[in-house]
């Protein structure tokens, strides 16, 4: 099979690059890893002609090819190295048409690297609303590239982009061979003699950024250092002067190709919807209150709206299990199918509605441009705790999953800020905790409405847990700020995009990808552990399991029916391999109010937090029956009795102790592995695991002792 032509999407942050990627690829997307790094890469296919496809690669947003953060380093390692696996056959540089001059800086750098390039003028409608008229035909002649006008959000201009791409792929337009700021010929000659022929600008990029480019060995870096010394060349001075020179040249181009109607008519600047909304959303006090209100409504909705489909799934799985047990012969295979496999699958599917609602809200906040405002208003607050505004993105992303959230810290330029953000991000309540919160809140928080029926107490409890995670992340960051010393100063520079209506096709795509990842990634772990746990809970050492039924009948001659079955099942579980293991760790967790059954769930949760619910589902489906054959996991846990008191085991003290433990505990091997890959040291994952486990244990202990 022939290799598809590869096209890289490149652009400034908030230029609409991701919207264009979604428009071009739709459902034909896949996620992988860039070779040699932990960052996710999005690729997809785009049909540019009948039966002709190209591969689209969505690169991280950057302002310049001179990197200041790790994700920017990734881009130059691809664009600067023609031998790289992801080096593109051509590039589409996505530019915000309403801020053309600044966006053209990156375009001119990419073009000068010798990569055939199409300029995509996105958000052309926003530019027109602000009084700018762009002559794209004249701009194409000035820049010697194909130019396409478009609105990626609405899918407008895709045919024009196809024509531009086809023409560029066919003609392979040459780059601008002249450097915007000349250097002595001998310098370029020496670089090319040592490292091979390349475009003058690419050769100069190698020289200036050799220490950040993985294509060069230590000995080659020493050669570059020798060349810098030989020619007395200062990369910092050259990059500064070259950027100024590029802006001078681009200003002339923009002046010839763009008409500013406001200036022409001597009109006052247009007051846009963005300007008016920002008075509210960026207000020193109102901005914070509005953000809290959004979070409050979001978690109320996540808990309330998802209840109906969750109950339907939960009841459906329980009904299916009982039906299969009724038509299949009693055997180990039937038990494996019903109490192992189906119970595990049910533990995955039941939380799909809540995860879908959570990602619906997160996607809407990103699509509308509001998420950038959150970063802006939170910067001042974050700095007091050793973070900066860019830390908000990983922290909010951590509400979905800590793994990509930690990867997203690569956009933070300060090493200290980035390290602190990595260490505290797992304290944010991720979607993996949502299944645990849901079950435990339903057990200990009454399903009542307050304030004229507008708010649900269970939704309020969920909101408080998420706020608690954020608060503890800030406290932990402050402590680390005092411990970690760094001389570098951190800066927060970002552009606020205009507000836009969400494109619901993109929102739906985000929800689909998130649910798909949960079901097929986390789901595989949950189901596998459920099956293993069923085996461990169904078999035991020696002949003890085979004698349980007879011993129970002899010790309890008056028990019959369901009470007798419950007693036998409970004794079998206690004598199983899982029961022995739970008994072994029980002394360590008893001060928190936990028994050996909960201990089993705590250990299995280290593979992934959400496994807790699957584990409890398996344990309690094996641990006995309740009067209702269609009992759900919540009903089974609610019916569990504390043998010491004779009262329900899951009372308020135990329920809140477990909630606090899971809010703070580091129980995700994937997160620890990601922290190791991002910090290149086991020191920081060990610090992360140790302080979070200690925090969880001590907090859960305090809560249990106070409430019991």
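Distance between the modelled labels on residue 447 and residue 642, one decimal in nanometres: 2.4 nm (7 Å Cα→Cβ projection). Label-to-label distance, residue 512 versus residue 381, with points set 7 angstrom from Cα along the beta-carbon direction: 3.5 nm.
Note on residue 464 and residue 586: the extension gain reaches 41.0 nm, defined as 0.36 nm multiplied by sequence separation minus the Cα-Cα distance.
For residue 189 and residue 217, the FRET efficiency from 1/(1 + (r/R0)^6), where r spans their Cβ atoms and R0 equals 25 Å, is about 0.70. Summarising the label geometry, the points placed 7 Å from Cα in the beta-carbon direction at residue 159 and residue 564 lie 7.9 nm from one another. Just to verify a number: FRET efficiency for residue 297 and residue 49, C-beta to C-beta distance, R0 = 60 Å, to 0.05? The computed FRET efficiency comes out at 0.85. Going 7 Å from the Cα of residue 680 toward and past its Cβ, which residues in region 60-98 have a backbone nitrogen under 19 Å from where you end up? Residues passing the 19 Å test: 67-78.
For region 644-708, the fraction of C-alpha pairs more than 16 angstrom apart is 54%.
Ordering 281, 296 by the number of other Cβ atoms within 10 Å of each residue's own Cβ, fewest first, gives 296, 281. The calculated Kirkwood hydrodynamic radius for region 88-148 is 11.8 Å, given to one decimal from all distinct C-alpha pairs. Pairwise Cα separations in region 1-270 fall into 5 Å bins from 0 onward with the following percentages, short to long: 1, 5, 12, 17, 18, 16, 13, 9, 5, 3, 1, 0, 0. For the pair region 629-708 / region 85-113, the C-alpha centres are spaced 48 Å from each other. Taking a point 7 Å from the Cα of residue 141 along the Cα-to-Cβ direction, the residues of region 247-262 with backbone N closer than 12 Å to it are 257. Given R0 = 45 Å, the distance between the Cβ atoms of residue 226 and residue 248 translates into a calculated FRET efficiency of 0.85.
Rule-based calculations on the coordinates, nothing more; no lab input. Model, not experiment: these values are computed from the prediction. Every residue, glycine among them, receives a Cβ derived from its backbone with ideal geometry; neighbour counts consider all protein chains shown.
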